[in-house]
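This report concerns only the one structure given below.
FYI, it's all coordinate maths here, none of it is from the lab. In this text the structure is predicted, and so the values were computed from the model without any measurement. Positions of Cβ are generated from backbone atoms using ideal geometry, with glycine treated the same way; all protein chains shown enter the neighbour counts.
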Amino acid sequence: MADNGIGVAPEYREKIFSLFTRLHPRSSYGGTGIGLAICRKLIQHNDGHIWVEAGDGEGCCFKFTLPAVA
């Protein structure tokens, strides 16, 4: 999944997956800070990995892996 939003600075790329973590005030951008935490929990529960590739001010690309099912 990708977007063309504000991006995520490198120092926050792991922090954004923590529960209730917001990088900006609620008045600037909506959201609760739980969406990416839920995604990470679901993916890790299924032995996968999730990460973000982003440039500050260039949008984000969220990627994940899951094991193949035989």
Spin-label pair Cys61/Ser18, simplified geometry with 7 Å Cα→Cβ offset, distance in nm: 2.7 nm
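If you take the C-alpha gyration tensor of the chain, multiply each eigenvalue by 5 and take the square root, what semi-axes do you get, largest first, in whole Å? Working shown, then result.
Values: eigenvalues 106, 42, 18 Å².
Semi-axes from the Cα gyration tensor: 23, 14, 9 Å.
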Taking the Cα atoms only, what angle lies between the long axis of helix 35-45 and the longest principal axis of the chain, rounded to 10 degrees? 20 degrees
